[in-house]
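For reference, the structure discussed in these notes is given below.
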Amino acid sequence: MSKPGLAARLRAAFLGDLEEQLASLNVALLSLEHDATNPEPLKAVFRVMHTLKGAAHATDQPLVQRACHHLEALLVEAREGRTVLGTYQFKLLFAAADALSDTAAQLAAGNDLSEDSAIGRLVLRLEGREEPAEETSAPPVAEPVAIPPQAPAHAPEGVVQPAGAAPAPAAAPAEGAVRVAADKLDNLLSEVGRLLATRARIGEHASTASSIQDAVHDAHATIRRLLARHGARLPADVGDAIREVELGLREASVQAGSVATNALGDVRELAEVGDALADSVRRVRMLPFSSACEPLPRLVRDVGSETGKPARLVVSGGDVEADRPVLDALKDSLLHLARNAIDHGIEPSAERAALGKAAVATVTVKAALHGERLTVTVSDDGAGLDVGAIRAKLHQQGREVPEDDADVVRALFESGFSTRSVTTTISGRGVGLDAVEAAMLRVRGSVSVSWVRGQGTTFTLECPLTLAAIRAVLVRSSGQSLALPTSNVEQLVRIKASDVRRAEGRDVILTGSVPIPLVSLATVLGPPFTAAPHADIFPALIVSAGERRVALVVDAVETEQELIIRPIPRGQSSMPHVSGGALLGTGQLVIVLNPVSLVHSALGSRLSSGVTAGARKQLRVIVVDDSMTTRALEQGVLEAAGYQVTTAVDGLDAWRQIQEFGADLVVSDIEMPNMDGLSLCRTIRASAQFANLPVVLVTSLDSPEDRARGMSAGADAYVGKASAGQAGLLNTVRELLA
């Protein structure tokens with residue numbers, strides 16, 4: 001292995017150690033702050049510093065090594081009774097935890113550490129610090145975590161920490177545990193998806209073999225009847241030939257039966273293995289909800305201390321498991337909501353005392369399963385939302401002020417909205433709840449809020465347990481197959497045109513007495529999808545996102561099945577409302593839609609009756625990209641617009657197709673193996689036969705220099721994936737083929 005390769009692996013290993021030790025460090029520090037005389041958390045903090053010092057030395061991180069060495073010496077003095085851990089020491093230790101957290105972020109971003117970094121400034125402070133003026137222990141500000149002493153780190157649901165109890169130390173990594181990069185698990189699950197698709201095709205082959213057996217058996221029976229009826233009258237040589245055919249058919253029937261039986265057995269075994277493998281990979285990706293709550297105890301302690309609002313944190317449902325990307329989105333959202341609960345929701349101590357409330361407020365985080373969806377609530381026992389203040393702020397900003405309180409509160413989720421007039425380190429920047437909603441949207445989730453004036457506020461986050469595998473309803477719109485997660489589909493309905501009503505300027509249908517907005521899925525998706533004129537009776541799906549619902553009109557509902565989702569790499573598609581792609585048993589890649597994004601967008605749309613486009617000559621377009629998902633998306637967009645589309649996996653494959661079958665236009669990525677898009681473009685321009693063939697380069701390489709390279713290679717158009725949507729690509733294609 002090369003030295004740079006070894007250094008990169010050591011750096012990655014150190015980063016893994018650092019992130020793992022940080023969780024233990026914060027829990028142990030909080031426990032030690034509750035009782036500075038307790039030897040167990042003191043030992044835990046010392047072990048973290050000792051471990052990180054050795055790891056930093058092995059990976060050539062001298063600043064981390066020096067910081068841990070000095071802190072290790074401080075902890076030895078405390079352990080031997082030569083130093084009392086007081087306010088100054090705890091500030092130093094918590095500052096060290098923050099500096100190490102910043103170090104992890106810097107290393108993860110590929111940055112080197114310098115003396116200007118947080119860990120560098122900490123080292124300077126440690127090596128030149130003055131003796132503290134006061135060394136008395138500060139009383140604990142918060143009761144940070146809902147886990148009793150001696151309990152495992154992942155506490156059972158419903159357990160609440162008694163007042164004054166110290167949090168348990170973080171659980172040590174399981175014996176024999178191995179770190180696996182998340183992208184490797186994603187790739188493995190993607191391959192499992194291919195395996196399941198292959199299983200479906202083999203099942204079709206088994207059915208074909210069974211049909212062949214039946215056909216051969218019938219032919220054999222027919223020959224036998226003919227011989228029995230006419231064999232005596234046939235010439236000897238003809239009779240012998242027919243008997244030979246009869247024997248061959250008999251043998252073929254036996255062999256076809258054997259093939260069919262074995263194939264069906266193989267399909268059953270492959271189904272068991274494939275399902276077990278898919279389930280195993282999914283379970284490997286799952287983590288306990290408690291892992292998303294790891295930063296909360298420290299945050300509650302710090303924000304409570306800074307605002308002078310002591311609070312305790314209660315966590316339940318920590319053993320509920322969910323997919324890692326889901327928990328990553330939840331982790332950021334929980335931080336925002338817990339910070340807001342203390343800073344915005346909880347009253348100052350004096351005000352709480354006047355109201356007869358406990359001096360120490362409570363922030364409760366709870367996770368629970370509801371079918372295939374995860375529901376997380378973040379509650380506080382504070383003042384509740386001040387709807388009047390929100391109305392006043394909306395009016396002050398010149399915004400529309402809705403009559404309904406629930407609609408007024410929705411403004412909290414708009415970017416840049418804040419009721420604070422003064423910016424602090426905690427609040428007042430208008431960033432927070434809009435980030436929570438955006439994080440939930442990325443994982444096909446939703447966020448809602450409820451409150452009781454004077455008693456508290458509850459935020460409810462709802463999302464799927466996993467983003468990797470879903471049960472989905474397949475529908476058709478504008479000739480395209482699309483998938484929607486079943487968990488968001490409340491009902492499949494067939495609507496009579498005469499039952500459609502108008503309410504508040506839009507089409508609605510009634511389910512009971514509740515009106516549900518009605519909109520065409522094609523209208524929500526936008527070009528190149530077009531809403532077709534619907535018949536007197538047409539299908540629709542009632543899709544929900546939290547408490548919001550909409551009825552989406554589709555051309556047809558096809559089937560429901562299990563899908564393994566292939567995520568779309570960042571920058572590979574700017575098509576809205578798309579979660580990824582999934583491979584069907586037929587080998588077709590279907591687009592998986594984000595139901596939450598669809599609902600939010602649909603509530604601002606109107607049902608379009610559409611106009612059937614007139615017939616046009618089909619022009620042939622070749623889509624070239626080494627990403628299967630991107631090929632499928634661009635192919636779907638262009639086919640929906642009426643073009644005949646074939647695909648190629650790289651420039652060589654495309655050039656072969658152009659020479660064999662011709663083309664009217666080429667849409668190509670740039671970065672591909674074997675022959676990239678620029679080389680393909682140059683090859684086309686150098687050809688006497690195809691020199692005038694239009695070429696569109698579609699790529700995430702969108703700098704002026706990249707564009708210049710593309711145009712100098714002979715491209716007719718250069719479309720950046722990050723800056724132009726699918727409609728932009730379609731308009732470019734139409735202009736070049738006009």
### Message
Just to be sure before I move on: is residue 328 under 19 Å from residue 286 (Cβ atoms) and touching a His at 6+ places or on another chain (Cβ under 9 Å) in the structure I sent?
### Response
no
### Summary
Across (1) at pLDDT 85 or above; (2) open to solvent by 60 Å² or more (accessible area, probe 1.4 Å), residue 544 clears everything bar (2)
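Each row is one residue, and each column tells you yes or no for (1) β-branched (Val, Ile, Thr); (2) under 16 Å from residue 489 (Cβ atoms); (3) modelled with pLDDT of 75 or more.
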{"site": "563", "(1), (2), (3)": "no, yes, yes"}
{"site": "568", "(1), (2), (3)": "yes, no, no"}
{"site": "574", "(1), (2), (3)": "no, no, no"}
{"site": "593", "(1), (2), (3)": "no, yes, yes"}
{"site": "602", "(1), (2), (3)": "no, yes, yes"}
{"site": "612", "(1), (2), (3)": "yes, no, no"}
### Message
If I ask for residues that are of a type outside the set (Lys, Arg) and either outside any helix (DSSP H, G or I) or in contact with a Gly (Cβ under 8 Å, 6 or more places away or on another chain) (or both), which ones from the range 82-108 would you list?
### Response
83, 84, 85, 86
### Query
Listed residues 722, 663; which is aliphatic (A, V, I, L, M), open to solvent by 20 Å² or more (accessible area, probe 1.4 Å) and at pLDDT 90 or above?
663
### Task
Would you mention how many residues in the range 690-719 are of a type outside the set (Asp, Glu), open to solvent by less than 50 Å² (accessible area, probe 1.4 Å) and assigned to a helix (DSSP H, G or I)?
1
### Query
Of everything in the range 36-84 that's acidic (Asp, Glu) and within 19 Å of residue 99 (Cβ to Cβ), which residue is most open to solvent (accessible area, probe 1.4 Å)?
60
### Query
Which residue, of 311, 260, 338, is in contact with a helix residue (DSSP H, G or I) (Cβ under 9 Å, 6 or more places away or on another chain), under 30 Å from residue 218 (Cβ atoms) and in contact (Cβ under 8 Å) with a residue 12 or more places away in the chain?
260
### Task
Restricting attention to the range 525-564, report how many residues are closer than 30 Å to residue 733 by Cβ and part of a loop (DSSP other than H, G, I, E, B).
11
### Hey, residue 282 buried (at least 18 other Cβ atoms within 10 Å of the Cβ) and charged (D, E, K, R) or not
yes
### Query
Looking at this structure, is residue 318 open to solvent by less than 30 Å² (accessible area, probe 1.4 Å) and out of contact with any helix residue (DSSP H, G or I) (no Cβ under 8 Å at 6 or more places or on another chain)?
no
### Message
So, residue 298, is that one open to solvent by 60 Å² or more (accessible area, probe 1.4 Å) and either closer than 22 Å to residue 449 by Cα or in a helix (DSSP H, G or I) (or both) or not?
### Response
no
#### Entry: Subset of the range 614-632 (residues that are open to solvent by 60 Å² or more (accessible area, probe 1.4 Å), out of contact with any Leu (no Cβ under 9 Å at 6 or more places or on another chain) and at pLDDT 50 or above)
617, 618, 626
#### Entry: Scan of the range 513-524 for residues that are open to solvent by less than 20 Å² (accessible area, probe 1.4 Å), in a strand (DSSP E or B) and aliphatic (A, V, I, L, M), ordered by number
516, 518, 519
### Query
For the subset of the range 329-368 comprising residues that are open to solvent by 20 Å² or more (accessible area, probe 1.4 Å) and in a loop (DSSP other than H, G, I, E, B), which member is nearest to residue 294 (Cα to Cα)?
360
### Query
Looking at the range 98-111, which of its residues are buried (at least 20 other Cβ atoms within 10 Å of the Cβ) and either on the phi > 0 side of the Ramachandran plot or over 28 Å from the mean Cα position of the chain (by Cα) (or both)?
99
### Task
Quick one: residue 82 ticks every box in (1) without any contact (Cβ under 8 Å) to a residue 12 or more places away in the chain; (2) closer than 27 Å to residue 292 by Cα except a single one, so which number is it?
(2)
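The values are calculated or read from the model by the stated rules, or taken from the named source; none is laboratory data. This is a predicted model, so every value here is computed, not measured. Cβ atoms come from the backbone with ideal geometry, glycine included; neighbour counts cover every protein chain shown. Ligands, DNA and RNA are stripped out before the accessible areas are found, and what is left, the full protein with its side chains, is counted by its heavy atoms. Shrake-Rupley method; radii C 1.70, N 1.55, O 1.52, S 1.80 Å.
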